[in-house]
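The values are calculated or read from the model by the stated rules, or taken from the named source; none is laboratory data. Only a predicted model underlies this, so the values are computations on that prediction, with no experimental measurement involved. Counting neighbours? That spans all protein chains shown, and the Cβs are built from the backbone with ideal geometry, glycine included. Accessible surface areas use protein heavy atoms only, side chains included; no ligands, DNA or RNA. Shrake-Rupley method; radii C 1.70, N 1.55, O 1.52, S 1.80 Å.
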Amino acid sequence: MRYAIALLCWAGMAQAQMIETSLELVFLADGSGSIDEEELRFQRQGYADAIQSEAVLAAIANTAYGHIAVTYVEWATNQAVVADWTLVDGPETAAEFARKLEGPRAVFGRNAIGAALLEGQRQIEINQFDGFRHVIDFSGDSIGNSSGPPIDLARQEVLDKGTVINALPILRPDSGRRAGGNLEAEYESRIIGGPGSFMVTAESRETFSAAVQRKMFLEISGQMPETDYAAK
C-alpha cells in the first residue's frame with residue numbers, strides 16, 4: 001500500500017515538473033557527408049539568425065503561452081543533439097539557443113532518415129516540456145536511407161504519435177537537376193505529414209536563411225504557406 005502511494009506521489013511530482021508551452025519544435029538538420037564543414041556552419045547560422053529575427057520572435061510572443069521549446073539535432077548515420085531543449089520567450093533566450101549552435105561536428109556518414117525521424121520523436125518524448133503542439137522540422141538535400149529503419153515505417157510511427165513533420169528540402173546546384181531528381185516531390189510524398197504539415201524549399205545557398213526564417217515563422221504561428229508544398 002505504501003509502495004503504491006509512493007508511486008502515485010512520484011507520478012504527481014513528475015507531472016507537476018512538466019512545463020506547459022505552446023510548441024515543442026525539433027530542428028532536425030542534415031549533417032551527412034554531402035554537407036561539408038562550411039555548409040554545416042552556414043546551416044547552423046541560418047537557424048541562429050532565424051530564431052533571433054523580429055518576425056520569429058513576434059510569432060513566439062503571439063502564441064498562447066508566449067514561449068516555445070526548441071532543440072537542434074543533426075543527423076547522418078548517427079544523430080547528435082547540438083543545442084539541447086531551450087524555452088524561448090524573447091531575445092535573450094533566443095540568443096542563448098543560438099549560442100548553443102556553436103561547436104564541432106558530431107555526426108558522420110551517410111543518410112539514415114528513418115532513424116533521424118525516430119530520434120526527433122524520442123527527443124519530444126524525453127524532454128521536460130508539455131507542448132500544445134509537437135513538430136519535427138526536417139531538413140536535407142537528398143532522400144537516401146543507407147541504414148536504419150525504412151523512412152515510411154519511421155514516418156508513420158511519428159505521425160501515429162500526433163507529431164507533425166514539416167520539411168525544408170535543400171536544392172544543390174551542383175546536381176545539375178532541380179532537387180536532384182525532384183527532391184521536393186519526394187519530400188512531399190515521403191517526409192511531411194500530419195495536420196497542417198508543409199515544406200518550404202531552400203532554392204540555393206543565397207536563399208537558405210530566408211527559407212529557414214519563413215518556415216520557422218509559419219510553423220510557430222500555425223500558418224501554412226500559399227505557394228510551397230503542403231500536405232493534401
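Tabulated data
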quantity: Counted residues, region 219-230 - those being more than 12 Å from Leu168 (Cα to Cα) and surrounded by fewer than 19 Cβ atoms within 10 Å (Cβ to Cβ); calculated: 7
quantity: Every residue from region 54-80 that is within 25 Å of Gly33 (Cα to Cα) and either at pLDDT below 95 or not hydrophobic (A, V, I, L, M, F, W, C) (or both); calculated: Thr71, Tyr72, Glu74, Trp75, Ala76, Thr77, Asn78, Gln79, Ala80
quantity: Qualifying residues in region 89-120 (those that are open to solvent by less than 10 Å² (accessible area, probe 1.4 Å) and in a helix (DSSP H, G or I)) - the one nearest to Pro169 (Cα to Cα); calculated: Ile113
quantity: Only listed residue being buried (at least 21 other Cβ atoms within 10 Å of the Cβ) and either in contact (Cβ under 8 Å) with a residue 24 or more places away in the chain or assigned to a loop (DSSP other than H, G, I, E, B) (or both), chosen from Val135, Val81; calculated: Val135
quantity: Hits in region 15-60 (condition: surrounded by fewer than 18 Cβ atoms within 10 Å (Cβ to Cβ) and within 21 Å of Asn127 (Cα to Cα)); calculated: Gln15, Ala16, Gln17, Met18, Ile19, Glu20
quantity: Long-range neighbours under 9 Å by Cβ, at least six apart or interchain, first residue among the aromatic types (Phe, Trp, Tyr) and modelled with pLDDT under 80 within region 205-232, second surrounded by fewer than 16 Cβ atoms within 10 Å (Cβ to Cβ) and in a helix (DSSP H, G or I); calculated: Tyr229/Ala185
quantity: Qualifying residue in region 180-200 (condition: at pLDDT below 90 and in a loop (DSSP other than H, G, I, E, B)); calculated: no
quantity: Residue in region 148-157 that is closer than 26 Å to Gln52 by Cα and surrounded by 21 or more Cβ atoms within 10 Å (Cβ to Cβ) present; calculated: no
quantity: Failed item in (1) free of Cβ contacts under 8 Å to residues at least 60 places away in the same chain; (2) open to solvent by 30 Å² or more (accessible area, probe 1.4 Å); (3) within 24 Å of Glu20 (Cβ to Cβ); (4) polar (S, T, N, Q), with Thr163 passing the rest; calculated: (2)
quantity: Hey, Thr63 under 19 Å from His134 (Cα atoms) and buried (at least 16 other Cβ atoms within 10 Å of the Cβ) or not; calculated: yes
quantity: Residue within region 131-139 that is modelled with pLDDT under 95 and either over 18 Å from the mean Cα position of the chain (by Cα) or among the aromatic types (Phe, Trp, Tyr) (or both) present; calculated: no
quantity: Inter-residue pairs, beta-carbon under 6 Å, first in contact (Cβ under 8 Å) with a residue 24 or more places away in the chain and part of a loop (DSSP other than H, G, I, E, B) and in region 35-57, second of a type outside the set (Lys, Arg) and open to solvent by 10 Å² or more (accessible area, probe 1.4 Å), 6+ apart; calculated: Gln52/Ala98; Ser53/Gln213
quantity: Filtered residue count, region 121-132, keeping only those that are surrounded by fewer than 17 Cβ atoms within 10 Å (Cβ to Cβ) and not in a loop (DSSP other than H, G, I, E, B); calculated: 5
